[in-house]
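Student: Structure in structure tokens, see below.
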Amino acid sequence: MDPPLSPTTYSDGLKKETWRHSLILSFQTLGVVYGRLSTAPLYVFGTIQTTDFKSNETAYEYFSFIFWTLTVVSLLKYAFIVLRADDNGEGGVFALYSLLCRHAKVGLLPNDRSTKEVMQHEEVSTLRGKVESRARKAIRNHRSSHYLMLFTALFGACMIIGDAVITPSISVLSASSGLQRSLSNIKYTSSTDAEQTISDDLKKYVPVPSACVITVGLFILQYYGTHKIGFMFAPIVTIWLLFISGVGVYNVLHWDPKIFSAISPAYMYRFVRKINKASWKSLNSILLCIAGSETMFTDLGHFSKRSIKITFVCLIYPVLVLCYAGQAAFISKHWNGTENFNHLSESVPKHLRHVFILVSLLASAVGSQATITASFSIINQCLALGCFPRVKVIHTSDKRLGQVYIPDVNWLLMALSLSVTIGFHDVTRIANAAGMAIVFGMIVTTCMMSLVIALYWEKSLFVSGCFLMFFGFVEAVYVSACMLSFHKGAWYLFVISAVSFTIMLAWHYGTMKKYEFDFQNKVSTEWLTDYSPGLGVSRVPGIGLIYTDMVTGIPAFFSHFITNLPAFHQVLIFVSFKPQPVPCVPPRERYLVGRVGTKDYRIYRCIVRYGYCDQIRDTDDFEEQIISSIGEFISLEESDCESLASPEGRMMIVGKPLLDTNALIPIHDTTSVAGSTNIANNETLASPSGDLIERKTPVRRKKVRFLMPEGSPRMRVSVREELQELIDARESGTAYFLGQSHLTVRNDSNFLKKFLIMAYVFLDKNCREHPVALNIPHAALVEVGMVYII
């Protein structure tokens, strides 16, 4: 098996991707990314009212809209333009937002000035010689534009989540409705009344129950991860694509070979010229032909640009054009014939319909995979950027860091999807909501992409404006059609989106307010180093790890602890996790280490930087890394020439291999740690954003001890003494300090502020707790409660 792909080699791996690897990924994309686009023919024509077909010309006009919508939006916009705007291999609206955060400085992540000085030293040096554009300067100086971009990114994420709820319902229900029609065509009895009764019962009891069973099975399979699901589902989609392309070719040749003349935009002009409210509504169904295009970009972290583009251009696009052309050719000859002439199953030759029903049922389940996977990716990005409550995240692949599974979200999506299927039990009404989710998600991408073109790619405002106006106009046409059907199902999407948006906004707002409170109430380092000895504070053996969001000063909860219990450990390490708007931070750049006070105090600060796709090891291993980084800092401090200036002193980037030997030598003992949680069959990885990251490989916990390296002539006596003191402190034990905050709102606060804080407090109490999320042994945990009045 190939070695795991580390964050260091992640971006390099994307650049050095071989053609063999690209073809393997392209095959997997069929089962994950393109399932929905491939199964869209099940309901595009089928959700158009039969009364809207006035003549054979109507089928030509609809096909013309489908062809140009697929070409302009899916092929031109996503395959050739948007896929180029990846963030080191990650895609989606939050990837675009992270690009803007870094290059236009519009981020609202909680960072004080000192944090930016410490964390963004590389960016300052690289941008020092670059002339800042007027557009970038104007956006940076207007705080309102920062909030607008954040709200836009959150809204786009909500559309993706809403789409993940609706897509399983419409895909599976469309296929199960075809099963019901096929069963209804079977002759069961000679009695007309009995036949009608059987037909009514089949219509009542077959589509919804079978759709619910398939939906439940689909969400259960998510546990196995993108890699296995991709190989499992790809053959199904391949068979489906071959089947519908063959049927499409047959229908074109058998019914209407002239259908390809409808590619001419003149047919769209004829449709618009005689437009009315009823026919304009039908564009909501035409919009569904590009359902799944957004996931080409959102699922980018699971695959690669080359594999996604190759599959779409060489296979998906031509097959879909053939399929829609064949169905339009069939409809043009049967528009005034059978009752269900606009359904895809009717255009299939009769001797193949039973095969079609079976394949469509399997393909419809696969069709939902793209949006489910996209929702996992976007929520994982929101977690790291402080915009979603703490949830458990399982990385299902060591080779593709973007392949994640979120159990809590998975079961919630399943419950909501089942409620849509049971509550609406009508493909047309669900299609109205699906169309709304698709087009609003695309509008968000268009708006964010136009900013990326101007601010990141540094193209002219004219180019950016042309992109926004052209694609924005196409999408605005479909928005107007969707709004006409708002009261017929589309309202449900806005209910889901409003709840999701409120959760994300409340969590982000509460997180920022907590950080602001901590920043305003922190105490200076002098209070701990100079004044505390006069207060009778004593030092006890061991290491104290203080987890805090602050990168300067002493957090308020720790000063509160010292005031009430005047003692702390002989070695103190203030640990801060800081998210970076990038997918991965290389290990050699992950740790920034410095001192708090003079050497005699043995107080250190360690800043751990991570990207929104990074994995941080479990607590035992993570503690080892922290202590190793402190040891490396001690040994390199005197001679380091790359240390950074910070308000407290020098910060040093550690993690680079030493020339001679490590400052501390780790010795692994395969013994379980008493008091640790989660010792059994899974290795649990802890993300600094508070989520659990589980790797499904059975391991035993390791107790790590450190030893001094044997004879090192270059090591000074003072350095050796400090390292030995660090080792002795580790042997004495480690305690973990966490601040347990309780937010309350002032009585004179406005309603919106009270509501957001109340929502944050509710979410904070009901999501995963910090001790569980960080996997800290409860026996070694010290929680200090603080009441924050906002």
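Student: Taking the simple approach of a point 7 Å from Cα along Cα-to-Cβ for both residue 68 and residue 720, what is their distance in nm?
Tutor: Modelled inter-label distance: 8.2 nm.
Student: Now for a different question. For the range 234-345, calculate the relative contact order in percent as a whole number, restricting contacts to Cα pairs under 8 Å that are 6 or more residues apart.
Tutor: Relative contact order for the range 234-345 comes out at 56 percent.
Student: For 147, 269, 224, give the ranking by accessible area with the largest first, probe 1.4 Å.
Tutor: So the residues, ranked largest to smallest area, are 269, 224, 147.
Student: How much solvent-accessible surface does residue 362 expose, in Å² to the nearest 10, with a 1.4 Å probe and all protein chains in place?
Tutor: Answer for residue 362: close to 90 Å² accessible.
Student: Another question about this same structure. Taking all protein chains together and a probe of 1.4 Å, list 315, 412, 218 from the most accessible to the least accessible.
Tutor: Of 315, 412, 218, the descending order of accessible area is 412, 315, 218.
Student: Summing Lys, Arg as +1 and Asp, Glu as -1, what charge do residues with Cβ under 11 Å from the Cβ of residue 73 carry, residue 73 excluded?
Tutor: With Lys, Arg at +1 and Asp, Glu at -1, the neighbours total -1.
Student: Shifting gears a bit: Go through 392/765; 277/333; 105/392; 522/753; 281/488; 309/459 and tell me which ones have a Cα-Cα distance over 18 Å in this structure.
Tutor: Where the Cα-Cα span goes over 18 Å, the pairs concerned are 277/333; 105/392; 522/753; 309/459.
Student: Would you tell me the accessible area of residue 65, worked out with a 1.4 angstrom probe on the heavy atoms of the protein chains, in Å² to the nearest 10?
Tutor: 20
Student: Just subtract the alpha-carbon distance of residue 755 and residue 76 from 0.36 nm times their residue separation and send over the number in nm, one decimal.
Tutor: 240.1 nm
Student: How would you rank 461-470, 622-631, highest first, on the average number of other Cβ atoms within 10 Å across their residues?
Tutor: Sorting 461-470, 622-631 by mean packing, highest first, produces 622-631, 461-470.
Student: Test of understanding: extend the Cα→C-beta vector of residue 422 to 7 Å, then name every residue of the range 191-232 with backbone N under 18 Å from that spot.
Tutor: Residues 204-220 qualify, since their backbone N sits under 18 Å from the label point.
Student: What is the sum of charges, Lys and Arg at +1 and Asp and Glu at -1, for the other residues whose Cβ falls under 15 Å from the Cβ of residue 453?
Tutor: Result for the neighbourhood of residue 453: +1.
Student: Now, a different point. Roll a 1.4 Å probe over the protein chains and send me the accessible area per residue for the range 142-221 in Å².
Tutor: That works out to 42 Å² for each residue.
Student: In nm, to one decimal, how far is the residue 143 label point from the residue 254 one, both placed 7 Å along Cα→Cβ?
Tutor: Roughly 6.8 nm, to one decimal.
Student: Turning to a different aspect of this structure: Grab the other residues whose beta carbon is less than 14 angstrom from that of residue 325, score K and R as +1, D and E as -1, and report the net.
Tutor: Neighbour charge sum, excluding residue 325 itself: 0.
Student: Of the peptides 758-764, 432-438, how do they stack up when ordered by the mean number of other Cβ atoms within 10 Å, highest first?
Tutor: The packing order, highest mean first, is 432-438, 758-764.
Student: Once the whole set of protein chains is in place, how much accessible area is left on residue 305, using a 1.4 Å probe, in Å² to the nearest 10?
Tutor: 80
Student: OK, next. With a 1.4 Å probe and all protein chains kept in place, how do 339, 346, 516, 61 rank by accessible area, largest first?
Tutor: 339, 516, 346, 61
The values are calculated or read from the model by the stated rules, or taken from the named source; none is laboratory data. All of these numbers come straight from a predicted model, not from anything done at the bench. Note that each Cβ is placed from the backbone with ideal geometry, even for glycine, and that neighbours are counted across all protein chains shown. The accessibility values were calculated without ligands, DNA or RNA, using every heavy atom of the protein model including side chains. Shrake-Rupley method; radii C 1.70, N 1.55, O 1.52, S 1.80 Å.
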